[in-house]
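The values are calculated or read from the model by the stated rules, or taken from the named source; none is laboratory data. Predicted, not measured: the structure shown is a model, and the values here were computed from it. Because the Cβ atoms are built from the backbone with ideal geometry, glycine has one as well, and the counts that use them run over all protein chains shown. What goes into the accessible areas is simple: the full protein's heavy atoms, side chains included, and nothing from ligands, DNA or RNA. Shrake-Rupley method; radii C 1.70, N 1.55, O 1.52, S 1.80 Å.
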Amino acid sequence: MKRLIIFAFVLVMTLRLRAQDGHQLWLRTNQPLSVRVVCARHSPTLDIAEQELKKGWHGTQGASIKLIIRKDKALKDGGFRLTKNSVEATTDIGILYGVYNLLRYQRTGDETGDGISNPSYQIRVLDHWDNLNGTIERGYAGNSIFWRKTDPFVVTEKDKTLWQQYARANASIGINGAVLDNVNASPKILSDNYLNRVKSIAAILRPYGVKVYLSVNFASPISLGGLKTADPLDASVIVWWKTKIKEIYGLIPDFGGFLVKASSEGQPGPQQYGRTHADGANMLADALKPYHGVVMWRAFVYTANDDDRAKQAYNEFKPLDGKFRDNVIIQVKNGPIDFQPREPFSPLFGAMKKTSVMPELQITQEYLGHAVYLVFLSTMWEECLKSDTYQQGKGSTVARCTDGSIYPQKYTAIAGVSNIGLDTNWCGHPFAQANWYAFGRLAWNDQLTSAQIADEWLKLTFYNDVSGKFGEKDYRSDWTKNFLNPVKEIMLDSRETAVNFMMPLGLHHIMSANGHYGPGPWWAPKGVRADWTPPYFHQASASGIGFDRTTKGSNAVSQYHEPLASELNNVATCPEIYLLWFHHLPWTYKMKNGQSLWNALCYHYDKGVKEVHAFQQSWNRVKPFVDGNQFNLVQIKLGQQYDNAVLWKDACILYFQQFSKMPIPKDIAPPVHKLKDIIANEFKHRNN
């Protein structure tokens, strides 16, 4: 009988776990133990904290945990202190964050100990590029969780449940803000019906500490208000915005503020009225100030001129340093172009010493294989955040220049462009969830390593996953050795692998115009502005390849602080990962390893393909540890990624060979595609 009971228990657990569809993200709980929670106060947030402890406790059976709100000068807003038997904070949301951290420590096997945890950034926000018709710009996981075309203003119980699950996931990793609509904003978002829906969303997100923000169209006073101008210095425009903002705060008292894309890629802005970015941002900031709202003003700007596109954001914003209100935060992409597989950090980081500046990272994989490629983006973001700007001497990293460690910013913030949609698993690819998780963890602690984050996420997401191994005596050690370690290695190598088979050695922006997926270094149709085309960026010719940004070229290197500017300017000291970003070099240029530049390019492309194949083999070996559905989905996507890596390799080697006139190294597998066929089929199909 005893054996029968044990068998039945294992069978039930197996069947329950076997139905993994990814919807629970990193918040799965199995067989929690009992715990006594003591809290002298009650609120919606504190009640959630108590519920989370009771349904997720894996500490000592029957332990007693105190939730304590008290003044503590060592704690920032949202920060918490963990002791053996308590979670302490100065705010309710700090308690909730502490609870989630305590539960994470238990599930990952980390030592909790006594300690304080404060967030690196005050505002940790997801930017949703969601359109009001439910589509998502650069979204690869289904339609919007906030907006839809049919019955757009009806709020259903299903909506509320999904928003609550979304808020819970964000709170569990410390994200405290959500911009609900696309930066290419529709003025309709400020109309009554949409604002009432925003109010409903805010009500669900509020107990989890997630504030709502909106992207706004700068010309809204014209299209929505009926004015003849959107000039930020016009009195009627100022009154219109003040009235609209008062209306918003009447509906949503804790509204966070606005995100603005202005005078960029055709979006209206202050420059069309002869005004500056500071004029436009300050007008909105003044109207938001009485309500403690902020303006996140994007620095993604470039115009169709002869200047290097990589220089334009710096050229427009650096002269305005110190001219913005203290509740304006300049939102700067991690690199100076546009979320490429690898870019040097934007020179604006650290250069604007009198203005709040926030990094903008892209969680959705616009340029990194959509929801097909397995690419762990934490390594990219860590590379950026830990890059030294030298703006205030050695150690002036991007992180320290933006998190308040060096400059006395009133607001510190960081944004991630969301990869979330209506797909059951939220992100389209099981491993894309790790990028959402990694953004939240780095936003909370910008000193974490990618290895730490990958280790956490894998333990939270896959440990005790159903398999033939589940329930075995040595499951933990077996799982660690044969699943955790090899899959973590895949994750930590995955971004470099993508760079290798897509855009190695500093190449950038050579992707297809077909949704930014797949190769397209040849794309340059007549009538299209040059700085939208790959040849503008790779500059390939018989003489060589690469964009000359040295003092003899566009002089983009001068935007960086010394000694970095000189290091990048000198081909002998420029890191080879940025070589063709800053230098135009002959095909015969000798690399540090003795290879010619041409051969080095070929070997990088070949290495990337081989690495994806190695990922496939590693993943096949971990099958006994993974739910069948999840295993099969990742296996299929790795197959698609391998096929596309081969396409990248063949396309780029064959295309650039037209200029180099040099043979492909004999120890590299010859191309399996013909260049003319790749080009002919570029817009006919896409393998994603």
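Solvent-accessible area assigned to carbon and sulfur over region 173-229 amounts to 50 percent, based on a 1.4 Å probe. Highest mean packing comes first when the peptides 428-440, 189-201 are listed by Cβ atoms within 10 Å, giving 428-440, 189-201. The residues of the chain expose, per residue, 39 Å² of accessible area to a 1.4 Å probe.
If both residues of a DSSP beta bridge must be in the chain, then about 25% of such bridges are antiparallel. Based on every Cα atom in the chain, Rg and the maximum pairwise Cα distance Dmax equal 25.7, 85 Å.
Backbone geometry of region 323-328 corresponds, through the Karplus equation with coefficients 6.51, -1.76 and 1.60 at θ = phi - 60°, to 3J(HN,Hα) couplings of 9, 9, 4, 6, 9, 9 Hz, x marking Gly and Pro.
In a simple Cβ point-charge model (Lys, Arg +1; Asp, Glu -1; nothing else charged), the chain has a dipole of about 1100 debye relative to its Cα centre.
Across region 398-403, coupling constants 3J(HN,Hα) worked out from phi with the 6.51/-1.76/1.60 Karplus curve, θ = phi - 60°, read 4, 4, 5, 6, 10, 9 Hz, and Gly and Pro carry x. Secondary-structure-derived ellipticity at 222 nm for the chain, considering helices only, amounts to -11500 deg cm²/dmol, per-run term -39500 (n - 2.57) for DSSP H runs with n ≥ 4.
Of the trypsin sites (Lys or Arg not before Pro) in region 25-60, the ones in a loop by DSSP (not H, G, I, E or B) with at most 12 other beta carbons within 10 Å are R41. The accessible-area ordering, largest first, of the residues K666, K244 stands as K666, K244, per a 1.4 angstrom probe. Of the residues T135, C384, N644, the one whose Cα sits farthest towards the positive end of the charge dipole of the chain is T135 (charges of +1 on Lys and Arg Cβ, -1 on Asp and Glu Cβ, taken about the Cα centre).
Computed on protein heavy atoms with a 1.4 Å probe, the accessible areas place C39, C652 in the order C39, C652, largest first.
Restricting region 569-616 to trypsin sites (Lys or Arg not before Pro) that sit in a DSSP loop and have at most 12 other Cβ atoms within 10 Å of their own Cβ leaves K592.
For region 92-164, the set of GluC sites (Glu not before Pro) satisfying both a DSSP loop assignment and a count of at most 12 other C-beta atoms within 10 Å is given as E111. Pairs exceeding 26 Å between alpha-carbon atoms, taken from K188/K242; K158/K289; K66/K160; K66/K158: K158/K289; K66/K160; K66/K158. Close amide-amide hydrogen proximity is noted between I329 and V295, M296, W297, each under 5 Å apart and 5 or more residues distant or on a separate chain (H modeled in the peptide plane; Pro and chain starts excluded). When the C-alpha to C-alpha distance is required to be over 21 Å, the pairs from K488/K607; K261/K318; K149/K637; K311/K394; K459/K488; K318/K410 that qualify are K149/K637; K311/K394.
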